[in-house]
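The values are calculated or read from the model by the stated rules, or taken from the named source; none is laboratory data. It should be emphasised that the depicted structure is a prediction, and the values quoted were computed from it without experimental measurement. Glycine gets a Cβ as well: all are built from the backbone with ideal geometry, and neighbour counts include every protein chain shown. Ligands, DNA and RNA are excluded from the accessible area calculation, which covers all protein heavy atoms including side chains. Shrake-Rupley method; radii C 1.70, N 1.55, O 1.52, S 1.80 Å.
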Amino acid sequence: MSLPELSALGVDEVAAEVLEVVLAEPDGVVLDDVAAALPVIDRGAVAVALEQLRQLGLVHRGAAAPAPSPRSDQRPAPEGRWAAIDPRVSVPALVTKRADALSAARASTAVLAELFDETRRLADPSATTRTLVGGAAVGDWYSRLELTATRSFLAFDRPPYVVAGNEATERTALARGVRWRAVYTIDSFGADGRWQGVRRLGGHGEEARLTDSLPVKLAVADERIALVSLGHDPAAPEALVTESPALVAALVELFEQRWRSAVPVPVERAPDDGVPGPASSDWALIAARVADAGLAASGGAATGGSRRPPSADERDLVALVAAGATDEVVAQRLGVSVRTVRRRLHELLAELGATNRFHAGVEASRRGWI
């Protein structure tokens, strides 16, 4: 009968035919008898196949008789006979050995991949784009960018978050002259105190703007290296970190587009905590100058009281409304009731001469309130 396919165990066609002959001889067989049973196969190939089968553990070779004395007239001692090992033992053992070897080869994938990537980074330094998986890896790279930025830092801020924000790290970067610009979403301020924290950072020099939504989370240091999210699953965060000039330039352009259409976040004068930083804008002075300029253009006289400066609550209200926040969201951020928000907004629309929220945002911007 013909043997089943054994190539997966390292048994080629010639070895399979040889094994079939050996299996048919319970007392074993010598090389010449195997070769005689397979006349179409060269004797040397039969010998190689027998040794191959022995190495695989499928057959064994009996010990040859002692060689005769050189002075003896005896004929040469017979060679050892080849016999099969019980397949119920030999085949499973060989399968296990092969499985172990395959597992070891599979385990080498990571090492080979690292070598593959490293050689290409050395050959082409610009091809340094890789994927990060897991909160620890993503958080580590975001912190690296914050700490190593020397000229500029651009950020899209939106939940969910991998690491908690650190005002101290950003203030340190601002103090060493880094221009820090961030675009936030309404949902960025879900945590208590987050809105006030961003306003404080504005007092130290952060330039912040507000929009209704962002497609990705993004951080770009010195317009040289960028970190961009690949998904928004907090349980399995993934991100792309790249130093590819073309890709970084595209991400910077995306940032600039969103930056131009976002609403400025009102700043709060930084407390005297010993950390140097630029003072916040004097909103009252700006509003007065805008009012005076408007009156002068219309031929009227500046009275100083015709257009009052906004209060801090009004600046916050207008910024949130202009960014598209609902009454409920505004109430949550400002710590007041929805009814209070609607009343204040109604009064503000009347004072600004606006008919809707969008018009109110435009008029507030024109007056220098935001």
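One table, with the values for the structure above:
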read-out: Any hit, the stretch 188-204, residues being in a loop (DSSP other than H, G, I, E, B), modelled with pLDDT under 85 and either more than 27 Å from ALA319 (Cα to Cα) or among the aromatic types (Phe, Trp, Tyr) (or both); value: no
read-out: Of all residues making up the stretch 49-65, the number that are more than 15 Å from ARG81 (Cα to Cα) and open to solvent by 80 Å² or more (accessible area, probe 1.4 Å); value: 1
read-out: The stretch 217-228 - residue that is in contact (Cβ under 8 Å) with a residue 40 or more places away in the chain and outside any strand (DSSP E or B) and, of those, least open to solvent (accessible area, probe 1.4 Å); value: ASP222
read-out: Any chance LEU214 is open to solvent by less than 20 Å² (accessible area, probe 1.4 Å) and part of a loop (DSSP other than H, G, I, E, B); value: yes
read-out: Residue that is outside any loop (DSSP other than H, G, I, E, B), under 33 Å from the mean Cα position of the chain (by Cα) and in contact (Cβ under 8 Å) with a residue 24 or more places away in the chain, where the choices are ARG344, ARG333, ARG315; value: ARG333
read-out: Subset of the stretch 70-89 (residues that are at pLDDT 60 or above, surrounded by 10 or more Cβ atoms within 10 Å (Cβ to Cβ) and part of a loop (DSSP other than H, G, I, E, B)); value: GLU79, GLY80, ARG81, ILE85
read-out: Counted residues, the stretch 190-211 - those being surrounded by fewer than 23 Cβ atoms within 10 Å (Cβ to Cβ) and under 22 Å from VAL252 (Cα atoms); value: 4
read-out: Residue within the stretch 252-260 that is β-branched (Val, Ile, Thr) and at pLDDT 90 or above present; value: yes
read-out: Some residue of the stretch 229-243 being out of contact with any Pro (no Cβ under 8 Å at 6 or more places or on another chain), in contact (Cβ under 8 Å) with a residue 60 or more places away in the chain, open to solvent by 60 Å² or more (accessible area, probe 1.4 Å) and not in a loop (DSSP other than H, G, I, E, B); value: yes
read-out: Positions within the stretch 155-187 being at pLDDT 85 or above, among the hydroxyl-bearing types (Ser, Thr, Tyr) and not in a helix (DSSP H, G or I), in sequence order; value: TYR184, THR185
read-out: Hits in the stretch 149-162 - residues which are touching an Asp or Glu at 6+ places or on another chain (Cβ under 8 Å) and either farther than 18 Å from PRO215 by Cβ or among the β-branched types (Val, Ile, Thr) (or both); value: ALA149, THR150, ARG151, SER152, PHE153
read-out: Test: residue in the stretch 114-135 that is open to solvent by 60 Å² or more (accessible area, probe 1.4 Å), part of a loop (DSSP other than H, G, I, E, B), modelled with pLDDT of 85 or more and not acidic (Asp, Glu); value: no
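For (1) under 30 Å from VAL178 (Cα atoms); (2) modelled with pLDDT of 70 or more; (3) open to solvent by 30 Å² or more (accessible area, probe 1.4 Å), each residue gets a yes or a no:
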position: SER281; (1), (2), (3): yes, no, yes
position: ALA301; (1), (2), (3): no, no, yes
position: VAL330; (1), (2), (3): no, yes, no
position: TRP369; (1), (2), (3): yes, yes, no
